[in-house]
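Here the structure comes first, spelled out in structure tokens, and everything after it is commentary.
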2 protein chains.
Amino acid sequence: MRAEHINPFVSSLKNAFQTMLACEARRGELTLKTSHRAEHFVSGVIGLSGLAVGTVVVSLSKEVALKVASTMLDAEASEINDDVLDAVGELANVVAGAAKSQLEEYHMTVSLPSVITGEGHEIHFPSNVRPICIHFHTDWGPLTLEVGLAAVPEPVEA
Amino acid sequence: MRAEHINPFVSSLKNAFQTMLACEARRGELTLKTSHRAEHFVSGVIGLSGLAVGTVVVSLSKEVALKVASTMLDAEASEINDDVLDAVGELANVVAGAAKSQLEEYHMTVSLPSVITGEGHEIHFPSNVRPICIHFHTDWGPLTLEVGLAAVPEPVEA
């Protein structure tokens, strides 16, 4: 992962929180993943493919997921239900979609989001791809963004 | 999900088991998912994108995952380690890659695989996409294939 590949995802996440949620996401530390354990209870996962391939994970605590959904849906969400999971998937979609627009040289498109829940679920990237994990702080609580991206050796037919 | 979209994934899974693993995967029942709970302990997840977008999940019991990895790596795997998870990701990659070749009108490419583990992890698709779950039986044990795919309303730039 090169820094110029990470920055579009970081700015997209900050922008998504600012514009969709009117919430400031402050960037914290950046780490290489040493454990596969998801940082938080709810993870929105989205695939990117094109001339680079990758996976983006937006991992939220229950509290942050509920706040995100309540704000996006303009209706109080008090439990993790399908609406909340859709909101988390949509957030991952917006972050990945905006970031890939900034990485247009890779002609990437995004997959359908899937949302993983479960205490202690683990999301493993292929062992030759070391995803970068960026921690963010919001007034609602913490969240993390994980990005693993690899250029495709040969151009694929799009 | 239309049947003609499912069949390429079913045949790709059967072929992958036959050719890569010399193991017959017999198709069992096909169900619409009513629970989000993953069918088995290890799930290989891969995104597809292009003129259709989707997610493919290949979910294996620990026993089947170990047998898949042992056969692919030609070395006995006795615990769920990075090599086993890579093998499961590669299996998902082969299944999705072969299927998308049969769905060439959608010009899809595949994302990086990610592999989810954890007792009782749940993989949620967006609520407007009802994934189809196909059960398979092998001499190693059971596995499932889940596919959620949706055509993109307007052609996207590739």
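The values are calculated or read from the model by the stated rules, or taken from the named source; none is laboratory data. Worth saying up front: this structure is predicted, and the values here are computed from it rather than measured. Heads up, the Cβs are rebuilt from the backbone with ideal geometry, glycines too, and the neighbour counts pull from every protein chain shown. Protein only, heavy atoms only, side chains kept; ligands, DNA and RNA dropped before computing areas. Shrake-Rupley method; radii C 1.70, N 1.55, O 1.52, S 1.80 Å.
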Discussion item. Please report, for residue B:102, the nm distances (one decimal) from its label point, 7 Å out from Cα along the beta-carbon direction, to the equivalent points in the remaining copies, shortest first.
Written reply: 4.0
Fill in: Evaluated at q = 0.11, 0.12, 0.15 Å⁻¹: base-10 log I(q)/I(0), Debye formula over Cα of chain B
-0.39, -0.47, -0.73
Response to the item:
So, with points 7 Å from each Cα along the Cβ direction, the residue A:15-residue A:102 label distance in nm works out to 0.7 nm
Worksheet item: By accessible area of protein heavy atoms, probe 1.4 Å, what ranking do B:114, A:127 get, highest first?
Response: A:127, B:114
Practice prompt. Quick one: give the max-minus-min coordinate of the C-alpha atoms of region B:34-123 along each principal axis, largest first, in Å.
Written response: 41, 33, 16
Response to the item:
With label points set 7 Å from each Cα along the Cα-to-Cβ direction at residue B:119 and residue B:81, the distance between them in nm comes to 2.4 nm
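Hey, can you find the accessible area per residue of region B:85-132 for me, probe 1.4 Å, expressed in square angstrom? Working shown, then result.
Values: 1660 Å² over 48 residues.
Heavy-atom accessible area per residue stands at 35 Å².
To the nearest 100 Å², how much accessible surface do chains A and B cover up together, summed over both, with a 1.4 Å probe?
Roughly 2700 Å².
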Worksheet, complete the sentence: Over chain A, the sum of -39500 (n - 2.57) across DSSP H runs of at least four, divided by residue number and rounded to 500 deg cm²/dmol, gives at 222 nm -11000 deg cm²/dmol
Item to complete: Nearest to the axis that maps chain A onto chain B: list the chain A residue whose Cβ wins, with the distance in whole angstrom.
Response: A:47, 1
Response to the item:
region B:49-65 scanned against label point 7 Å out from residue B:150 along Cα→C-beta; backbone N under 18 Å for B:49-57
Discussion item. At a threshold of 8 angstrom on Cα-Cα distance, excluding pairs fewer than six apart, so keeping six or more, what relative contact order does chain B reach in percent?
Written reply: 37 percent
Worksheet item: With contacts defined as alpha carbon pairs under 8 Å and 6 or more residues apart, what's the relative contact order of region B:84-154 in percent?
Response: 22 percent
Response to the item:
Listed by chain and number, the residues whose amide H is under 5 Å from that of residue B:52, excluding neighbours fewer than 5 places away on the same chain and using placed H, are B:152
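Kyte-Doolittle mean at least 0.0 and Cα extent at least 18 Å along the axis: which DSSP H helices of chain B qualify?
Values: long enough: B:3-21 (26 Å, 0.13); B:82-102 (30 Å, 0.33).
Passing helices, by number: B:3-21, B:82-102.
Expressed in nm to one decimal, what extension gain is obtained for the pair residue A:139 and residue A:27 from 0.36 nm per residue of sequence separation less their Cα-Cα distance?
Values: separation 112, 0.36 × 112 = 40.32 nm, distance 1.24 nm.
Full extension of this stretch gives 39.1 nm more.
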Practice prompt. Enter the mean number of other protein chain beta carbons within 10 Å of the beta carbon of each residue in B:78-88, as an integer.
Written response: 2
Item to complete: Rank these residues by their accessible area, most exposed first, probe 1.4 Å: B:74, A:82.
Response: B:74, A:82
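Antiparallel versus total DSSP beta bridges in chain B: what percent is that, nearest 5? List each step's numbers first, then the result.
Numbers: 35 of 35 bridges.
About 100 percent, rounded to the nearest 5.
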